[in-house]
Amino acid sequence: MDKAVGSTLRDTLNFIDGEYRSSGKTFANINPATGEQYSVVHEASKADVDAAVKAARKAVDGEWGKMPTPKRIEMVSAIAAEINRRSDDFLEAEIADTGKPHDLASHLDIPRGAANFQIFADVMKQHHGEAFAMPTPDGTGAINITSDRPRGVIGVVCPWNLPLLLMTWKVGPAMACGNAVVVKPSEETPSTASLLGEVMNKVGIPHGAYNVVNGFGPDSAGEFLVSHPQVDAITFTGETRTGEAIMRNAATGVRPVSFELGGKNFGIVFADCDMDKAIEGTLRSVFMNCGQVCLNTENLLVERPIFDEFVKRLKAGAEKLKPGAPHDKACNMGPLVSDEHRRKVLSYYEIAKKDGANIVTGGGIPKMPTELEGGFWIQPTIWTGLKDDSRVVTEEVFGPCCHIRPFDTEEEALRIANGNQYGLACSIWTENLSRAHRIGPKMEVGICWINCWFLRDLRTPFGGSKKSGIGREGGEYSLEFYLEKSNICIKL
Ligand code: NAD
């Protein structure tokens, strides 16, 4: 994907029908750790998107679609193995696009990117149909057999926060099921999607089964893709507002959507928690990936008797975080993804001030060494004292920050957390087993963690309630979206 061009800049190309293609229109890819451009991204035109969709259709109708399932599963496993073999290349690309710490990308993003192919190869091995025998009035009976087939061409629109991980979370099951995909990676982080094209060719995936078109949303590759009439289904991860725009396009042709959207996740810390565990887990859940994980906690409710101690210890932990260069082992926090995103997060830091927050720590931009001064760095930030209707408390910020508020009863905590417009995830901290069982099912979220955060078994359903999404993905649940079921009724 990346050919060296000129002296230092690289080209990130579209990948269509098994080949890398340049385009007449390019845009800059900026390294968020330095603020410097490091690649030139080729923006797909409407004609490029059309070519990618047609190549995908040809793959579904051709060798890829006709491939026996065991052979296809073997190839999907081989994709996982090849990502692992080229882990260093993927790491380098992901780090340059996001600025995230090497340690995080090497433990989370890249291995999960590979695992997302392997798990769905395994799921497909176990997948089977059902049969229902039924009596008929004439006494001969009938048998119903459920059968499924790939939906066809899947449009995959991705965000920038965990680029390879979230893209393969959709491409893995889609391809394991025999669909062809056209991926539109985020304009901020296009490199790993493009690099994956090399893996597909190395493994021998038939041309057209995997395509990548680069560009933006409205009036660019994103919109061209989701409005293309030959895209049979759309899977999207990103902001709720973008989901609404995509849904309007998907309405034409009544095409199915699977949406993983925004969140405003709560942590509820009871006085009967194990404080060490709660602090350690909450530091991760607020600040990991510089607060740019959809599952991050941004609202903390802490039972009043332990409120002061919790705030003091979370502040101490936040102040130990060290922003710095991705390969510097002494550092454990990356930058925000872009200047634009930092301006958005800083605008919430300003709202917090105006709304009278008590700034426990942070609230601005850290002093960085000269070589990193142009990067999009930001201070980990904690507030207390905001009212429940402050925009900082109700809207997704997507930065390394949280608001902490005391509560007095379990009912009050439930009412506040469930009063939220989103419903993606929450973390409850309590050592009381009965309370854990009682409260878990009452949380209006897709995933409720008790005494942990971001602990994922990839076979379980994952998704959001309310404005956080439509549908569930993971294990067999993904197959409900990527396979179309039919019933064959045979009268005997
Ligand atoms: P975004 O919605 O701005 O962009 C996501 C993708 O959509 C990008 O590729 C963008 O180019 C494309 N896009 C934008 N407008 C479009 C349009 N009109 N038509 C087609 N495509 C369009 O999201 P982001 O800023 O990249 O990611 C951050 C958001 O993603 C946060 O809200 C976060 O909570 C959410 N997210 C959710 C999950 C989850 O699992 N629920 C996971 C990760 C991120």
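All of the numbers you see were taken from the coordinates with simple rules; none came from a lab. Source: prediction; values computed, not measured. All Cβ positions, even for glycine, are placed from backbone atoms using ideal geometry, and neighbour counts span all protein chains on display.
Quick rundown of the values:
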{"item": "Lysines with Cα under 21 Å of residue 264, excluding same-chain neighbours fewer than 8 positions away", "result": "315, 344, 353, 354, 387, 442, 466, 467"}
{"item": "The chain - mean residue ellipticity at 222 nm from DSSP helices (-39,500 (n - 2.57) per run, n ≥ 4, rounded to 500)", "result": "-11500 deg cm²/dmol"}
{"item": "Cα-centred dipole magnitude for region 24-113, charges only on beta-carbon of K, R (+1) and D, E (-1), debye, nearest 20", "result": "560"}
{"item": "Beta bridge orientation in the chain: antiparallel %, DSSP, nearest 5", "result": "45"}
{"item": "Relative contact order of the chain, pairs being alpha-carbon contacts under 8 Å that are 6 or more residues apart, as %", "result": "18"}
{"item": "Alpha-carbon centroid distance for the pair region 12-73 / region 349-399, whole angstrom", "result": "37"}
{"item": "For 303, 260, order by how many other beta-carbon atoms lie within 10 Å, fewest first", "result": "303, 260"}
{"item": "Cα gyration tensor, the chain - rounded (a/c under 1.5), prolate or oblate", "result": "oblate"}
{"item": "Residue exposure sequence - 437, 207 - by fewest surrounding Cβ within 10 Å", "result": "437, 207"}
{"item": "Computed magnitude of the charge dipole of region 265-456 (debye, nearest 20; Cβ of K, R +1, Cβ of D, E -1)", "result": "280"}
{"item": "Separation between Cα centres of region 93-128 and region 453-476, rounded to whole Å", "result": "16"}
{"item": "Per principal axis, descending, Cα span of region 265-456 in whole Å", "result": "53, 35, 30"}
{"item": "Dipole of region 265-456 [Lys/Arg +1, Asp/Glu -1 at C-beta], most positive-end residue of 386, 310, 398", "result": "398"}
{"item": "Per-residue Cβ neighbour rank within 10 angstrom, fewest leading, 168, 361", "result": "361, 168"}
{"item": "Distance from region 272-306 to region 142-189 (C-alpha centre basis), Å", "result": "32"}
{"item": "Rounded to the nearest 20 debye, dipole of the chain from Cβ charges on Lys, Arg, Asp, Glu", "result": "460"}
